[in-house]
Amino acid sequence: MLNSQIEHEEYINRCFTLALRGDKKVKTNPRVGAILVHNKRIIGEGYHHEHGQAHAEVHALQSVTIQDKHLIKESTLYVSLEPCCFEGKTGACTNLIIEHQIPKVIISTLDPNDKVSGKGVAILRNHGVEVLTGVLETKGKYVIRDFSLLLNKKRPFITLKWAKSTDNFVGQIEKRISISNEQSQLFVHRLRSKNDGILIGVNTAIVDNPQLTNRLSSGGHPIRIVLDSHNKTPKESSLKSDGHMTLIYTATSVESNKNVTYINSNMELETILEDLFSRGIYRLMVEGGPSILKSFIKASLWDEAFVITGTKKLKKGIKAPNLEGQLIDNYQLDGDLIQRIIPNNVKYR
């Protein structure tokens, strides 16, 4: 029994690895991985690539070679999330499993969507499929935490990011200072590529004149978002003049143009996040200065944070935000320290 449990966990962990290859293209869908195993040999595997396209189970079945097709009805399907059981933009995965006569399905966690939750398992069992659930369930729920949040809270999944000096300063007043190294900057651009939008405050827009584009990595540019209640962002700033899409939330009435959309707002974070969600911003990176970061932290509006500690010592300047949470990653990039933090109330293993 112990050996089989270890084996199940090994294969489910592989499903998690596959699932995490899914990126912002899945939009409001969950990231899911699936593998087919025959006599301890993986004969097929796949993950959900893009919203509205084939699910992980479909990709896993399609990846099976012609020589191994006859083994499918003798194989076990491992999947990180309960197979869907309703017709949407794609067919129900439960039907697919039944049609291929897969005798056994092992699942990490049930789908939190009421349309599926427990129903997919029930349909499979009613058709004679042996189903085991709850393998590495806590980790499985962590893998789909962005999906659960989008489903239940109707706001973007929020990633905070800042760089600080060894003596805990993020910069100096009205002065642009580079704290992180080139490798860390490449890491930040990769983070940007995984997000639909990137948000800053007006002070950062004025002092740093940032581009906030993804120039060093593949994956496209996030939509730039500026919180600027009095429309102080300079006309000549990159955010207004470089042709890339920018949203500016302001309490004043300003006419939009080709690449800059002005949104009249009460400037409350919850309202802004609700509006961003309605615009298809499902994953949001907050790269603003300490006042913006602190406002998100104070409101408990964050889901993960990346803190980069460079090798410089500034001695004076603007203090970095304080953040309480669980440190789950801690590694070096050419001397810079990268720390990944999640809220204390999130279980991840």
**Theoretical FRET efficiency, 1/(1+(r/R0)^6), r = Cβ-Cβ of Ile206 and Asn322, R0 22 Å, to 0.05** = 0.35
**Charge dipole (the chain, unit charges on Cβ, about Cα centre) - positive-most of Gly171, Ser238, Asn214** = Gly171
**Asked** In nm, to one decimal, how far is the modelled label at Ser278 from the one at Glu10, with both set 7 Å along Cα→Cβ?
**Response** 5.2 nm
**Request:** List the trypsin sites (Lys or Arg not before Pro) within segment 43-143 that fall in a DSSP loop (any state other than H, G, I, E or B) and whose Cβ has at most 14 other Cβ atoms within 10 Å.
**Result:** Lys89, Lys115
**Request:** Report, to the nearest whole %, how much of the accessible area of the chain belongs to carbon and sulfur atoms, 1.4 Å probe, protein only.
**Result:** 47 percent
**Asked** What are the principal axis extents of the Cα atoms in the chain, in Å, biggest first?
**Response** 67, 44, 35
**Item:** Candidate lysines - alpha carbon under 18 Å from Lys69, same-chain residues fewer than 8 apart omitted
**Value:** Lys40, Lys104
**Prompt:** So what is the 222 nm mean residue ellipticity for the chain from helices alone, if each DSSP H run of at least 4 adds -39500 (n - 2.57) and you divide by all residues, rounding to the nearest 500 deg cm²/dmol?
**Reply:** -8000 deg cm²/dmol
**Asked** Amide H to amide H under 5 Å from Phe86: which residues, 5+ apart in sequence or cross-chain, H placed 1.01 Å off N in plane?
**Response** Cys93
**Item:** Between segment 89-121 and segment 327-349, the Cα center-to-center distance that results, in Å
**Value:** 33 Å
**Fill in**
Looking only at lysines whose Cα falls under 20 Å of Lys235's and that sit 8 or more positions away or on another chain, we get Lys175, Lys258
**Message:** With +1 assigned to the C-beta of every Lys and Arg and -1 to the C-beta of every Asp and Glu, and no other charges, what is the dipole magnitude of segment 117-236 about the Cα centre in debye, to the nearest 20?
**Reply:** 280 debye
**Complete:** Checking rank on 190-197, 206-213, 222-229, with mean other Cβ inside 10 Å and highest first, the result is 222-229, 190-197, 206-213
**Message:** Give the separation of the Cα centroids, segment 1-71 to segment 250-302, in Å.
**Reply:** 36 Å
**Prompt:** For the charge dipole of segment 3-128, defined by +1 on Lys and Arg C-beta atoms and -1 on Asp and Glu C-beta atoms about the Cα centroid, which residue among Ile35, Gly128, His51 has the Cα displaced farthest towards the positive pole?
**Reply:** His51
**Request:** Give the shape of segment 10-137 as rounded, prolate or oblate, defined through the alpha-carbon gyration tensor: a ≥ b ≥ c are the square roots of its eigenvalues, a/c under 1.5 means rounded, and otherwise the shape is prolate if a/b is larger than b/c and oblate if not.
**Result:** rounded
**Tensor-based shape of segment 85-193 (alpha-carbon gyration tensor, a/c under 1.5 rounded, otherwise prolate or oblate)** = prolate
**Request:** Quote the charge dipole size of segment 232-349 about the Cα centre in Debye, to the nearest 20; the model charges only the Cβ of Lys and Arg (+1) and of Asp and Glu (-1).
**Result:** 480 debye
**Prompt:** Under a Cβ-Cβ cut-off of 14 Å, what is the net charge of the residues other than Val286 that fall near it, where Lys and Arg count +1 and Asp and Glu count -1?
**Reply:** +4
**Asked** Could you give me the ³J(HN,Hα) list for segment 70-82, computed from phi with Karplus coefficients 6.51, -1.76, 1.60 and θ = phi - 60°, whole Hz, x at Gly and Pro?
**Response** 5, 7, 4, 6, 10, 9, 10, 9, 9, 9, 6, 9, 3
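Taking the Cβ of Val26 as the center, what net charge do the other residues with Cβ under 15 Å away carry, scoring Lys and Arg +1 and Asp and Glu -1?
So the surrounding residues net to +3.
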**Asked** Taking the Cα centre of the chain as the origin, how large is its charge dipole in debye, to the nearest 20, when only Lys and Arg (+1) and Asp and Glu (-1) carry charge on their Cβ atoms?
**Response** 700 debye
**Request:** Quick one: net charge around Asn39, please, counting Lys, Arg +1 and Asp, Glu -1 for every other residue with C-beta under 13 Å from its C-beta.
**Result:** 0
**Item:** Unit charges at the beta carbon, dipole of the chain: most positive-side option, Ile341, Tyr282, Gly88
**Value:** Ile341
**Request:** Could you please tell me the mean projected area of the C-alpha convex hull for segment 1-54, averaged over all directions and given in square nanometres to one decimal?
**Result:** 4.0 nm²
**Message:** Give the aspartates and glutamates reachable from Lys240 as a straight Cα distance under 14 Å; neighbours fewer than 8 places away on the same chain don't count.
**Reply:** Asp208, Asp228, Glu255
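The values are calculated or read from the model by the stated rules, or taken from the named source; none is laboratory data. Note that the coordinates shown come from a computational prediction; the quantities given were computed from them, not determined experimentally. For neighbour counting, all protein chains shown are included, and Cβ atoms are generated from backbone atoms with ideal geometry for every residue, glycine included. Surface accessibility is based on the protein's heavy atoms, side chains included, excluding ligands, DNA and RNA. Shrake-Rupley method; radii C 1.70, N 1.55, O 1.52, S 1.80 Å.
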